[in-house]
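Data first, discussion second: the structure below is written as structure tokens.
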Amino acid sequence: MDMAEIYSKTFWSLFEDLDSSLNPVGPDQLYDVADDYLRVGHRILDVGCRDARHLIELVRRYDAYGIGVDPVPWHVQRAQTAVEEASLTDRITIRCGVAENLAEAPASVDVIWCRDVIEVLPDLPTALTQMRRVLRADGHLIAYTNVLHGPIDPVETASIHEPLGNVVANLVEGDLEAGFDAAGFVVVRKHVIGTEWREYIEERNQVVSHELLRLARLRRSRDCVIERYGQDAYRTAEASLQWGLHQFLGRFVPVIYVLAGASLC
Ligand SMILES: C[S@@+](CC[C@H](N)C(=O)[O-])C[C@H]1O[C@@H](n2cnc3c(N)ncnc32)[C@H](O)[C@@H]1O
């Protein structure tokens with residue numbers, strides 16, 4: 001293209017077209033997927049439950065029983081408070097723990113909900129084996145995670161994944177799916193979300209635009225921030241503020257997996 005074409009009015013029109021929403025699906029899509037596998041009275045295990053927001057919603061929707069596990073004491077505390085406020089203490093138990101060492105009895109859970117946690121699991125093979133162990137023969141593991149588009153990049157690993165506690169090997173799609181297989185799972189459903197949830201959220205709340213503004217300010221005030229909050233906090237903030245951008249650019253690809261025990265098939 002020559003300069004006249006590059007600066008032509010074609011792009012005014014094209015960009016105007018792009019101001020129209022393509023009606024992306026939002027994060028509630030995960031509930032829609034779960035709806036195919038959850039039944040009234042089911043026992044749900046939320047691995048990495050954080051504040052139990054999703055577990056509470058699922059228990060309410062299906063009059064189910066819930067167990068939430070998270071290793072961060074502050075998350076456990078917030079989750080317990082949320083369960084109390086929701087008047088669901090008779091239905092939901094929250095405890096401190098890790099995916100790699102689940103306390104549940106074998107074959108005692110109907111659905112495992114594992115949302116945005118696989119990325120940070122330090123020992124994914126053990127965690128998957130544990131999840132397979134506690135899942136009933138006809139149960140399902142519903143996982144939302146992110147995979148890399150393209151090969152591992154050491155610079156990205158050091159600047160984004162390590163400060164966020166991500167285990168970069170868990171983001172390699174082929175290795176992840178081989179890990180499911182090795183733990184005795186089969187993928188019964190796989191849905192590549194791509195940029196849709198991001199588009200949905202951005203159209204409503206401009207979250208990533210806000211993060212980019214924060215990122216620019218963070219970098220411009222680097223020395224002050226490090227002096228006040230420390231080097232580690234700076235690195236983690238810098239990494240966190242880039243996560244959504246990389247999802248938008250298609251480098252980190254959100255995916256939903258539904259897994260079942262291999263013996264089912
Ligand atoms: C990105 S957050 C997602 C939280 C929640 N599932 C959600 O979607 O809102 C990741 C969560 O995984 C938890 N986590 C970290 N290491 C874990 C482990 N080894 N086993 C279980 N959960 C873990 C963190 O404490 C955090 O609550």
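The values are calculated or read from the model by the stated rules, or taken from the named source; none is laboratory data. Keep in mind it's a predicted model, so treat the numbers as computed, not measured. Heads up, the Cβs are rebuilt from the backbone with ideal geometry, glycines too, and the neighbour counts pull from every protein chain shown. Just so you know, the surface numbers come from the protein's heavy atoms only, side chains and all, with ligands and any DNA or RNA stripped out. Shrake-Rupley method; radii C 1.70, N 1.55, O 1.52, S 1.80 Å.
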How high is the FRET efficiency between residue 173 and residue 227 when r is their beta carbon distance and R₀ equals 30 Å, given to the nearest 0.05?
0.15
Label point distance in nm, residue 159-residue 210, each placed 7 Å from Cα along Cα→Cβ
2.5 nm
List 248, 15, 180, ordered by accessible area with a 1.4 Å probe, largest first:
15, 248, 180
In sequence order, what are the phi-derived ³J(HN,Hα) couplings for the range 223-232 according to the Karplus relation 6.51 cos²θ - 1.76 cosθ + 1.60 with θ = phi - 60°, rounded to whole Hz, with x for glycine and proline?
4, 4, 5, 5, 4, 7, 10, x, 5, 5
Would you calculate a helix-derived [θ] at 222 nm for the chain, using -39,500 (n - 2.57) for each DSSP H run of n ≥ 4 and dividing by the full residue count, to the nearest 500?
-12500 deg cm²/dmol
Taking the Cα centre as origin and putting +1 on Lys and Arg beta-carbons and -1 on Asp and Glu beta-carbons, what dipole magnitude results for the range 75-175, to the nearest 20 debye?
360 debye
Cβ-defined net charge surrounding residue 129, 10 Å radius [Lys, Arg +1; Asp, Glu -1]:
0
Quick one: Cα centre-to-centre distance for the range 1-37 and the range 221-244, in angstrom?
31 Å
Note, residue 198: beta-carbon cut-off 13 Å, +1 each Lys/Arg, -1 each Asp/Glu, net -3
Rough spin-label spacing in nm, given labels placed 7 Å along Cα→Cβ, for residue 203 and residue 243
2.3 nm
With all protein chains modelled, accessible area of residue 241 [1.4 Å, Å²]:
20 Å²
In Å², nearest 10: area of residue 37 left accessible to a 1.4 Å probe
40 Å²
With everything on Cα atoms, drop me the angle between helix 73-85 and the longest principal axis of the chain, reported from 0 to 90° to the nearest 10.
70 degrees
Expressed in nm to one decimal, what extension gain is obtained for the pair residue 89 and residue 189 from 0.36 nm per residue of sequence separation less their Cα-Cα distance?
32.8 nm
